Amino acid sequence: QVQIVESGGDLVQPGGSLRLSCAASGIIFSTYDMGWYRQAPGKQRELVSVITRGGTTNYGESMKGRFTMSRDNAKNAVYLQMSSLKPEDTAVYYCNARKGVRNFWGKGTLVTVSS
């Protein structure tokens, strides 16, 4: 059974930092591309970042320079280090594992940026 579990969401002040984690099980983790997506209230889900099985990263435009995604294949985990957070970063953040037609999602973790 495949499980994708996010953690680390919290309430943080504008300008602050936060680190999200995503743990995967039930897949051969090193062979999957991994991604972070987010969905704010009333908005569509959008790409935050992806990291390929080879370690190449890509980011959504508004995240560049502020967010850093990494993976640890030994721990079957990916991380999202977020800094200079803005109120508009408030959303549920979802972790995704993708390989061909196989596509798995976690249930999300809530990040709230507010003073």
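Residues in the stretch 1-34 that are among the hydrophobic types (A, V, I, L, M, F, W, C) and under 21 Å from residue 114 (Cα atoms) were compared, and the one that is nearest to the chain's Cα centre (by Cα) is 20.
Could you tell me whether the stretch 20-30 includes any residue that is farther than 20 Å from residue 3 by Cα and not small (Gly, Ala, Ser)? No - not one qualifying residue is present in the stretch 20-30. Against the condition within 25 Å of residue 13 (Cβ to Cβ), at pLDDT below 95 and surrounded by fewer than 18 Cβ atoms within 10 Å (Cβ to Cβ), how does residue 86 come out, does it pass? Here the answer is no, as residue 86 does not meet what is asked.
For every residue, the table says whether it meets (1) at pLDDT below 95; (2) surrounded by fewer than 17 Cβ atoms within 10 Å (Cβ to Cβ); (3) over 15 Å from residue 104 (Cα atoms).
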| site | (1), (2), (3) |
| --- | --- |
| 2 | no, yes, no |
| 12 | no, no, yes |
| 15 | no, yes, yes |
| 39 | no, yes, yes |
| 49 | no, no, yes |
| 64 | yes, yes, yes |
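Do we have any residue at all in the stretch 42-55 that's hydrophobic (A, V, I, L, M, F, W, C) and touching a Lys or Arg at 6+ places or on another chain (Cβ under 8 Å)?
Applying the first criterion (hydrophobic (A, V, I, L, M, F, W, C)) to the stretch 42-55 yields 47-48, 50-51.
Next, only the ones that are touching a Lys or Arg at 6+ places or on another chain (Cβ under 8 Å) stay: 48, 51.
Yes.
Regarding the stretch 74-84, can at least one residue be identified that is farther than 20 Å from residue 111 by Cβ, touching a residue at least 40 places away in the same chain (Cβ under 8 Å), touching a strand residue (DSSP E or B) at 6+ places or on another chain (Cβ under 8 Å) and of a type outside the set (Asp, Glu)?
First pass over the stretch 74-84, keeping only residues farther than 20 Å from residue 111 by Cβ: 74-76.
This time we only want the ones that are touching a residue at least 40 places away in the same chain (Cβ under 8 Å), so: 75-76.
If we keep only those that are touching a strand residue (DSSP E or B) at 6+ places or on another chain (Cβ under 8 Å) as well, we get 75-76.
In the following step, the residues that additionally are of a type outside the set (Asp, Glu) were identified as 75-76.
Yes: the stretch 74-84 contains one or more residues that are farther than 20 Å from residue 111 by Cβ, touching a residue at least 40 places away in the same chain (Cβ under 8 Å), touching a strand residue (DSSP E or B) at 6+ places or on another chain (Cβ under 8 Å) and of a type outside the set (Asp, Glu).
Being open to solvent by less than 40 Å² (accessible area, probe 1.4 Å), more than 15 Å from residue 70 (Cα to Cα), in contact with a Gly (Cβ under 9 Å, 6 or more places away or on another chain) and at pLDDT 95 or above: is that true of residue 27 here? When the stated conditions are applied, residue 27 does not pass them. Summed over the stretch 35-66, the residues that are under 21 Å from residue 112 (Cβ atoms) and not in a strand (DSSP E or B) give a count of 10. On the basis of being over 20 Å from residue 15 (Cα atoms), among the charged types (D, E, K, R), open to solvent by 30 Å² or more (accessible area, probe 1.4 Å) and free of Cβ contacts under 8 Å to residues at least 12 places away in the same chain, does residue 33 make the cut? When the stated conditions are applied, residue 33 does not pass them. Residue 56 meets the stated requirement of being without any contact (Cβ under 8 Å) to a residue 12 or more places away in the chain, hydroxyl-bearing (Ser, Thr, Tyr) and touching a strand residue (DSSP E or B) at 6+ places or on another chain (Cβ under 9 Å).
Among the listed residues 76, 103, 96, which satisfies the condition of being in contact with a helix residue (DSSP H, G or I) (Cβ under 6 Å, 6 or more places away or on another chain) and within 24 Å of residue 1 (Cβ to Cβ)? The unique qualifying residue is 76.
The values are calculated or read from the model by the stated rules, or taken from the named source; none is laboratory data. These numbers come from a predicted model, not from an experiment. Positions of Cβ are backbone-derived with ideal geometry, glycine not excepted, and every protein chain shown enters the neighbour counts. Accessible surface areas use protein heavy atoms only, side chains included; no ligands, DNA or RNA. Shrake-Rupley method; radii C 1.70, N 1.55, O 1.52, S 1.80 Å.
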